[in-house]
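Trainee: Take a look at the following structure, please.
The values are calculated or read from the model by the stated rules, or taken from the named source; none is laboratory data. Predicted model, so just to flag it, every value in this text is computed and none were measured. So basically every Cβ, Gly included, is an ideal-geometry build from the backbone, and we count neighbours across all protein chains shown. Just so you know, the surface numbers come from the protein's heavy atoms only, side chains and all, with ligands and any DNA or RNA stripped out. Shrake-Rupley method; radii C 1.70, N 1.55, O 1.52, S 1.80 Å.
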Amino acid sequence: MAPRQWLTVLACVLVIVGPVTFFINAEAVLNGDAVECDGSPMRPGQLCVSYSGGDTLDYEEEKRSEARGELAGYAGVGLGALGAVLLASRGITGKRRGL
């Protein structure tokens, strides 16, 4: 496969992976600074118990977890944008070369 084809494949993968990463972490991105446990707001000193996984997280641990989710969501936006730029640049250079 030629280098330009790999770039196109990479761009397509980024355009797919970026938005998926964002939507998986959309709740953390859209919540802002709110810390929630199963949709209910948490306050310092409270515990979040997950009955499906058996995990218990305190307020600070849940806050760190949501911060990681928020970071991953924004990274997804960046990856998707990078993929879109690569595809657009591929289209522009393809038109200039007559491909």
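Trainee: I'd like the residue in the stretch 1-11 that is in contact (Cβ under 8 Å) with a residue 12 or more places away in the chain and open to solvent by 60 Å² or more (accessible area, probe 1.4 Å) and, out of all such residues, is nearest to residue 68 (Cα to Cα).
Mentor: 10
Trainee: Please go through the stretch 58-74 and pick out each residue that is of a type outside the set (Asp, Glu) and open to solvent by 60 Å² or more (accessible area, probe 1.4 Å).
Mentor: 63, 64, 68, 71, 74
Trainee: Out of 69, 73, 80, I need the residue that is in contact with a Pro (Cβ under 6 Å, 6 or more places away or on another chain) and part of a helix (DSSP H, G or I). Which one?
Mentor: Criteria check complete, one pass: 80.
Trainee: On the basis of being touching a helix residue (DSSP H, G or I) at 6+ places or on another chain (Cβ under 9 Å) and of a type in the set (Ser, Thr, Tyr), does residue 50 make the cut?
Mentor: Taking the combined requirement at face value, the residue does not satisfy it.
Trainee: I'm checking my understanding of the structure. Among residues of the stretch 1-42 that are closer than 18 Å to residue 73 by Cα and of a type in the set (Asp, Glu), which one is nearest to the chain's Cα centre (by Cα)?
Mentor: Only one residue tops the list, namely 27.
Trainee: Then there is this: Cβ contacts < 7 Å: first residue among the aromatic types (Phe, Trp, Tyr), restricted to the stretch 59-77; second residue at pLDDT 90 or above and open to solvent by 50 Å² or more (accessible area, probe 1.4 Å), any location; separation 6+ or different chain. Result?
Mentor: 59/43; 59/44; 59/45; 59/46
Trainee: Quick check on this structure: which one of 1, 42 is in contact with a Phe, Trp or Tyr (Cβ under 9 Å, 6 or more places away or on another chain) and at pLDDT below 95?
Mentor: One residue alone meets the criteria, 42.
Trainee: Now a separate question. Which is open to solvent by 70 Å² or more (accessible area, probe 1.4 Å) and among the hydrophobic types (A, V, I, L, M, F, W, C), of 49, 29, 35, 77?
Mentor: Step by step, each of 49, 29, 35, 77 is checked, and only 77 is open to solvent by 70 Å² or more (accessible area, probe 1.4 Å) and among the hydrophobic types (A, V, I, L, M, F, W, C).
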